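S.K.: Provided herewith is a single structure, encoded as structure tokens, for subsequent inquiry.
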Amino acid sequence: MTLFRLECKTHIKTLLIWIIVVAALTVGLVSLFPAMKDMGLDQMKSLPKDMMKAFNLSDLGALTTIKGYFGYEYQYVMIATGIFAAMLGTNALAREEAEGTIGYLYAQPISRISIVGWKMAAHSILYTLYWLISMVVAFFTCVLFKESGASVSGLFKDFVQLSFTGWIMGLTFLAVGFLLSAILSSNKSATSLSLGLVFLTFIFGVVGKMNDDFETLIFFSPVDAALPSSVFKDGIEWKYIVTDLVVIVVSALLSLWIYRRKDLKV
Amino acid sequence: MPVIELNHISKRFGKFLAVNDVSFTVEQGEFFGFIGPNGAGKSTTMNMILNFIKRSGGEIKVLGKNVPEHDLEVKKRIGYVPSDVRFYPQLRVQDLIRYTLDFHHMKGDQAEIARYCDLFQIDVKKKFGNLSLGNKKKIALVCALVHHPELIIMDEPTNGLDPLMHARLFRILKEKQKQGVTIFLSSHNLKEVEDYCSKIAFIRSGKLIGIEDLAQMNKKVKIITLKGAHLPIEQMALIGATCIKKTDGEARFSYEKNLTQLFSTLSNLSETLDDVTVTNRDLEEQFMTMYEHQEGERL
């Protein structure tokens with residue numbers, strides 16, 4: 001529990017910064033909706049269909065509703081959220097080794113498994129807090145700027161589903177980041193690895209959607225499984241959620257196994 | 001009762017053998033020195049004792065328990081001062097002390113903590129990252145003491161400490177030793193090892209090259225320095241003095257035999273010499289002899 005408190009205290013500032021930036025971004029993007037829905041989208045109709053599909057714009061008509069507009073705009077926040085979660089994970093263990101603070105921790109009566117376990121718990125809670133607050137802000141902003149006639153209860157139901165899929169998506173990146181962190185002995189490459197992890201898996205999703213032969217790639221794209229436009233349209237796709245859960249469990253177990261055997265960098 | 005028992009331990013990093021078949025025992029209440037040149041394997045040995053790194057071979061027992069099997073039990077009873085103190089820079093000193101106690105599930109003796117802070121002139125409100133090297137070392141010392149450990153392991157604890165703090169630290173360590181606490185000290189400062197340790201282990205290139213009881217070791221060995229144009233190397237060899245160093249106009253000998261014979265010989269030779277000095281061998285001399293001899297053998 002001591003390590004849990006220490007972790008939360010260490011990362012609270014970063015968490016607040018991310019919450020404030022994402023909240024401001026959400027409010028800023030959604031507040032443009034009333035003006036955007038009245039703009040003609042005819043120029044966009046000339047774009048190739050596959051490209052529209054890749055950018056989740058297949059249904060242009062949906063952009064005139066708050067759900068459609070939010071679903072499109074918020075996918076970029078989802079990517080940023082994935083990067084935040086992956087960075088939390090990749091820095092969790094490797095940063096302590098790079099900065100040498102792990103020496104203090106190892107000298108305390110706490111097992112390697114507890115170090116990984118409490119860090120995972122703390123970072124999962126931090127991510128959960130970030131995501132919950134982001135979702136609450138997004139929901140109320142959408143209610144504030146929605147078109148007349150849009151149902152608040154329908155919006156609420158969709159947001160509950162998005163909160164769940166986005167939460168699982170973040171935890172997946174967090175768990176894979178944690179696994180990388182257990183392998184690495186320095187966090188120098190943590191940011192680039194996090195960016196690479198999120199963008200690479202996002203591209204998997206784009207390719208999977210554009211070409212039916214590569215549809216399986218969507219299973220390797222946590223962002224795609226949690227995209228607001230898909231969740232609002234088709235609800236929760238359990239096959240992707242189950243894949244994410246398997247990745248989370250396997251990554252967590254591998255992190256524990258690797259870290260137990262690891263030598264402190266001396 | 002042995003507090004640290006190393007049985008043929010070794011550590012390999014790839015092809016490099018950092019520690020090679022090291023065995024020694026540290027008894028309860030001992031002030032044990034561990035010395036060796038840079039890269040000799042001191043820190044690697046300590047890191048294995050502390051289970052920071054896994055050993056490649058051998059057995060380690062600390063406080064009667066096998067490590068790493070009983071790592072947690074052992075860590076509750078150990079205080080550790082690293083040579084390079086890198087604690088959480090964003091935390092205040094008081095938080096670091098609090099967290100250390102929390103990790104040990106202890107409330108801590110506030111009067112004792114206040115005494116340490118007063119003795120080491122520590123400002124507990126300051127952030128760790130803003131402290132100087134010496135002050136960081138003091139925090140590590142306090143954190144290693146607050147949970148009343150039975151064994152204190154220190155890696156270069158006086159690096160960065162001023163002479164006053166240095167003296168205060170060893171006063172506290174002597175107090176702890178009187179209470180039965182075992183102290184394991186790795187240091188490059190041979191003077192402090194000689195002044196405070198009762199037993200010393202010498203390590204070089206990963207191998208243990210000797211363990212000496214300081215109380216017995218140096219008093220019986222004399223170091224004789226002779227200066228003059230004609231140095232009596234052969235006459236000294238006849239009485240059993242070993243020449244350990246010879247330069248133009250100066251020769252140093254170590255001697256362990258009868259003193260009457262030594263002084264009688266030196267008296268006979270005095271007319272041909274410019275200067276004669278006879279001293280007890282100190283640790284530095286012992287260290288240099290041991291390591292230069294090994295270096296010579298290696299070359």
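The values are calculated or read from the model by the stated rules, or taken from the named source; none is laboratory data. Since the structure is predicted, the reported quantities are computational estimates derived from the model, not experimental observations. We place every Cβ from the backbone using ideal geometry, glycine too, and count neighbours over all the protein chains shown.
S.K.: Here is a list of conditions, (1) under 23 Å from B:G180 (Cα atoms); (2) more than 7 Å from every other protein chain (Cβ to nearest Cβ); (3) touching a Lys or Arg at 6+ places or on another chain (Cβ under 8 Å), and B:I78 meets all of them except one; can you say which number that is?
M.R.: All conditions are met except number (3).
S.K.: Based on this model, can you work out whether B:E150 counts as surrounded by fewer than 17 Cβ atoms within 10 Å (Cβ to Cβ) and more than 15 Å from the chain's Cα centre (by Cα)?
M.R.: Spelling it out, it is not the case that B:E150 is surrounded by fewer than 17 Cβ atoms within 10 Å (Cβ to Cβ) and more than 15 Å from the chain's Cα centre (by Cα).
S.K.: Suppose the filter is touching a residue at least 12 places away in the same chain (Cβ under 8 Å), touching a strand residue (DSSP E or B) at 6+ places or on another chain (Cβ under 6 Å), surrounded by 18 or more Cβ atoms within 10 Å (Cβ to Cβ) and within 13 Å of chain A (Cβ to nearest Cβ); does B:V67 pass it?
M.R.: So B:V67 fits the description; yes.
S.K.: Return the only residue of B:F24, B:F31 being away from chain A (no Cβ under 14 Å) and within 13 Å of the chain's Cα centre (by Cα).
M.R.: B:F31
S.K.: Could you check the stretch A:1-80 for helices (runs of 4 or more DSSP H) lying wholly inside it with 1 or more residues that are touching a helix residue (DSSP H, G or I) at 6+ places or on another chain (Cβ under 6 Å) and modelled with pLDDT under 70?
M.R.: Values: elements: A:2-31, A:33-37, A:49-54.
The qualifying helices (runs of 4 or more DSSP H) are A:33-37, A:49-54.
S.K.: Tell me, which residue of the stretch B:119-136 that is assigned to a loop (DSSP other than H, G, I, E, B) and in contact with a strand residue (DSSP E or B) (Cβ under 8 Å, 6 or more places away or on another chain) is surrounded by the fewest Cβ atoms within 10 Å (Cβ to Cβ)?
M.R.: B:K125
S.K.: So, one more: If I go through the stretch B:192-229 residue by residue, how many of them are over 27 Å from B:R171 (Cβ atoms) and touching a residue at least 60 places away in the same chain (Cβ under 8 Å)? Walk me through how you get there before you give the answer.
M.R.: Taking the stretch B:192-229 and keeping what is over 27 Å from B:R171 (Cβ atoms), we get B:203-210, B:220-229.
In the following step, the residues that additionally are touching a residue at least 60 places away in the same chain (Cβ under 8 Å) were identified as B:203-210, B:221, B:223.
Going through the stretch B:192-229 one residue at a time, the tally reaches 10.
S.K.: Let me ask another. Which residues, taken from the stretch A:96-154, are assigned to a loop (DSSP other than H, G, I, E, B) and away from every other protein chain (no Cβ under 14 Å)?
M.R.: Once the filter is applied, which keeps residues that are assigned to a loop (DSSP other than H, G, I, E, B) and away from every other protein chain (no Cβ under 14 Å), the stretch A:96-154 yields A:K146, A:E147, A:S148, A:G149, A:A150, A:S151.
S.K.: Quick check on the stretch B:34-79: of everything there that is charged (D, E, K, R) and part of a helix (DSSP H, G or I), which residue is farthest from the chain's Cα centre (by Cα)?
M.R.: For the stretch B:34-79, the residue satisfying everything is B:E73.
S.K.: Only one of (1) within 12 Å of chain A (Cβ to nearest Cβ); (2) without any contact (Cβ under 8 Å) to a residue 60 or more places away in the chain; (3) out of contact with any helix residue (DSSP H, G or I) (no Cβ under 6 Å at 6 or more places or on another chain); (4) not small (G, A, S) is not met by B:I139, so which one is it?
M.R.: Failed condition: (3).
S.K.: On to the next question. For the stretch A:221-261, enumerate the residues that are within 14 Å of chain B (Cβ to nearest Cβ) and assigned to a loop (DSSP other than H, G, I, E, B).
M.R.: A:R261
S.K.: When you look at A:A86, is it assigned to a helix (DSSP H, G or I), within 10 Å of the chain's Cα centre (by Cα) and surrounded by fewer than 18 Cβ atoms within 10 Å (Cβ to Cβ), yes or no?
M.R.: Spelling it out, it is not the case that A:A86 is assigned to a helix (DSSP H, G or I), within 10 Å of the chain's Cα centre (by Cα) and surrounded by fewer than 18 Cβ atoms within 10 Å (Cβ to Cβ).
A quick yes/no check of all residues on (1) in contact (Cβ under 8 Å) with a residue 40 or more places away in the chain; (2) within 14 Å of chain B (Cβ to nearest Cβ); (3) over 25 Å from A:S163 (Cβ atoms):
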position: A:F202; (1), (2), (3): yes, no, no
position: A:V206; (1), (2), (3): yes, no, no
position: A:F219; (1), (2), (3): no, no, no
position: A:D263; (1), (2), (3): no, yes, yes
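S.K.: Would you point out the residue of the stretch B:238-292, among those that are in a helix (DSSP H, G or I) and of a type in the set (S, T, Y), that is farthest from B:G210 (Cα to Cα)?
M.R.: If we take residues in the stretch B:238-292 being in a helix (DSSP H, G or I) and of a type in the set (S, T, Y), then B:T272 is farthest from B:G210 (Cα to Cα).
S.K.: Considering only the stretch B:11-21, how many residues are away from chain A (no Cβ under 14 Å) and either at positive phi or touching a residue at least 40 places away in the same chain (Cβ under 8 Å) (or both)?
M.R.: Of the residues in the stretch B:11-21, 3 are away from chain A (no Cβ under 14 Å) and either at positive phi or touching a residue at least 40 places away in the same chain (Cβ under 8 Å) (or both).
S.K.: Let me ask you something else. If I go through the stretch B:84-120 residue by residue, how many of them are touching a Pro at 6+ places or on another chain (Cβ under 8 Å) and either under 21 Å from A:K13 (Cβ atoms) or more than 8 Å from chain A (Cβ to nearest Cβ) (or both)?
M.R.: Just the residues of the stretch B:84-120 that are touching a Pro at 6+ places or on another chain (Cβ under 8 Å), to begin with: B:103-104.
Right, trim to either under 21 Å from A:K13 (Cβ atoms) or more than 8 Å from chain A (Cβ to nearest Cβ) (or both) and you get none.
So the answer is 0.
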